[in-house]
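*Asks:* One structure is given below, represented as C-alpha cells, and several questions about it will come after.
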C-alpha cells in the first residue's frame with residue numbers, strides 16, 4: 001500500500017520540520033492521471049456523494065464552460081493514448097475494462113461525466129485580471145470545506161484560511177504557474193492525519209479547540225495533486241487524487257515522523273488542521 005500513498009510526500013517524510021511548501025515537480029503527461037486498481041472502491045464512494053448531492057459536487061459557471069468541455073475532451077484523448085489497457089473510449093462512451101463501468105460521454109454535462117468516469121476530483125481555473133479564478137469544478141472528496149463556498153474565488157481567496165499562505169507561498173505559486181506552457185504537468189502532494197477514514201468531509205468549520213489526543217488521529221490522508229496547463233482555451237486544471245490509509249499500514253519509521261510532525265507543528269498550522277496543540 002504505502003509506496004503509492006506515500007510517494008512524493010513533502011515533510012515530514014523528508015526529515016525536515018513541518019512547513020508550507022509549493023513542492024511541485026514536473027512529470028510526463030502520461031502520468032497526469034493515475035488509474036490503478038484502487039479506483040473501483042473510490043468510484044463507489046464518489047457515486048454515493050454524487051447520488052446524494054450532485055448540485056453541491058459539480059458546479060460550472062458561465063466562465064468555466066469552454067474549459068470544462070476541453071477537459072472532458074482531453075481526458076478522453078488521454079485515456080485512449082495512455083490507458084487503453086484499462087479503458088475503452090468510443091465515440092459516445094468510456095468503458096472501464098476491469099469493472100465494466102460504462103460512462104456516457106455527455107457533452108452537455110462535461111464535469112459530471114468526468115466525475116462519473118475517474119476517481120480524481122477536478123478544478124477548472126480560468127484567467128481573471130492578473131490571477132486565476134475557479135470557474136468550474138467537480139469535487140466529491142472535500143476535506144472539511146465545501147465547493148459552493150470556493151467556486152468563483154481566486155487562488156489567493158481559495159487559500160485565504162491557510163495560515164501564512166499570502167506571506168510564505170503565494171508568490172511562489174504565481175511564479176510556478178507563470179512558467180507553465182501548454183500541456184505541461186506539475187505534481188505535488190500534501191498530507192494530514194485525521195480521526196476518520198471518510199473521503200467526503202464536508203464540515204466547513206475547523207475546530208478552534210483541536211483534539212488533545214494524538215492517538216485518535218489514526219488515518220493518513222494524502223492528496224496527490226496535479227496541475228495541467230491548457231492554452232486553447234486558456235485554463236489551469238487542478239486534479240486531486242485522494243488516498244486514505246490506516247496509520248498502522250505505514251512503515252514504523254514514517255509513522256513516527258508523521259506523529260512527530262503533528263506534535264511539533266506550529267500552533268497556527270495545528271489549529272488549521274485540527275491537530276493537538278503542544279502535546
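*Asks:* How far, in nm, would the chain grow between residue 148 and residue 255 when pulled straight, counting 0.36 nm per residue and subtracting the alpha carbon separation? Mind dumping the intermediate values first?
*Replies:* Details: separation 107, 0.36 × 107 = 38.52 nm, distance 3.46 nm.
Stretched out fully, the residue 148 to residue 255 stretch lengthens by 35.1 nm.
*Asks:* Report, in degrees rounded to the nearest 10, the 0 to 90 angle that the Cα long axis of helix 65-82 makes with the longest principal axis of the chain.
*Replies:* Taking the Cα atoms of the chain, the angle to 65-82 is about 90 degrees.
*Asks:* Any idea what angle helix 252-264 forms with the longest principal axis of the chain, computed on alpha-carbon atoms, 0 to 90 degrees, nearest 10?
*Replies:* 70 degrees
*Asks:* Taking 7 Å along the Cα-to-C-beta vector as the label spot, tell me the residue 264-residue 54 distance in nanometres, rounded to one decimal.
*Replies:* Each label point lies 7 Å from its Cα, and together they span 5.0 nm.
*Asks:* May I ask you to derive the FRET efficiency for residue 44 and residue 93 from their Cβ-Cβ distance with R0 = 22 Å, giving the value to the nearest 0.05?
*Replies:* 0.65
*Asks:* Round to a whole angstrom and tell me the spacing of the C-alpha centers of the range 41-62 and the range 237-278.
*Replies:* Each part's Cα centre sits 26 Å from the other's.
*Asks:* For the chain, take the longest principal axis of its alpha carbons; what is the angle in degrees between that and the long axis of helix 39-57, to the nearest 10 within 0 to 90?
*Replies:* The answer is roughly 80 degrees.
*Asks:* Can you tell which of 110, 127, 251 shows the greatest fluctuation in a Gaussian network model of the chain with Cα springs below 10 Å?
*Replies:* Its mean-square fluctuation being the largest, the pick is 251.
*Asks:* Right, another one. Along its principal axes, what span do the Cα atoms of the chain show, with the longest given first and each in whole Å?
*Replies:* Principal extents (Cα only, largest first): 57, 44, 35 Å.
*Asks:* While we're looking at this one, here's another question. What ranking of 252, 21, 84 emerges when the number of other C-beta atoms within 10 Å of each C-beta is taken as an exposure proxy, fewest first?
*Replies:* Ascending number of Cβ neighbours within 10 Å: 252, 84, 21.
*Asks:* Suppose R0 equals 35 Å. What FRET efficiency, 1/(1 + (r/R0)^6) with r the Cβ-Cβ distance, do residue 63 and residue 195 give to the nearest 0.05? Display every interim value, and only then the final one.
*Replies:* On the way: r = 38 Å, r/R0 = 1.08.
Calculated transfer efficiency: 0.40.
*Asks:* Calculate, in nm to one decimal, what residue 165 and residue 80 gain on full extension: separation in residues at 0.36 nm each, minus their alpha carbon distance.
*Replies:* Numbers: separation 85, 0.36 × 85 = 30.60 nm, distance 3.81 nm.
Result for the pair: 26.8 nm of gain on full extension.
Computed from the coordinates by the stated procedures, all read-outs in this text should not be read as laboratory data. All of these numbers come straight from a predicted model, not from anything done at the bench. Neighbour counts are summed over all protein chains in view; Cβ atoms, including those assigned to glycine, are modelled from backbone coordinates with ideal geometry.
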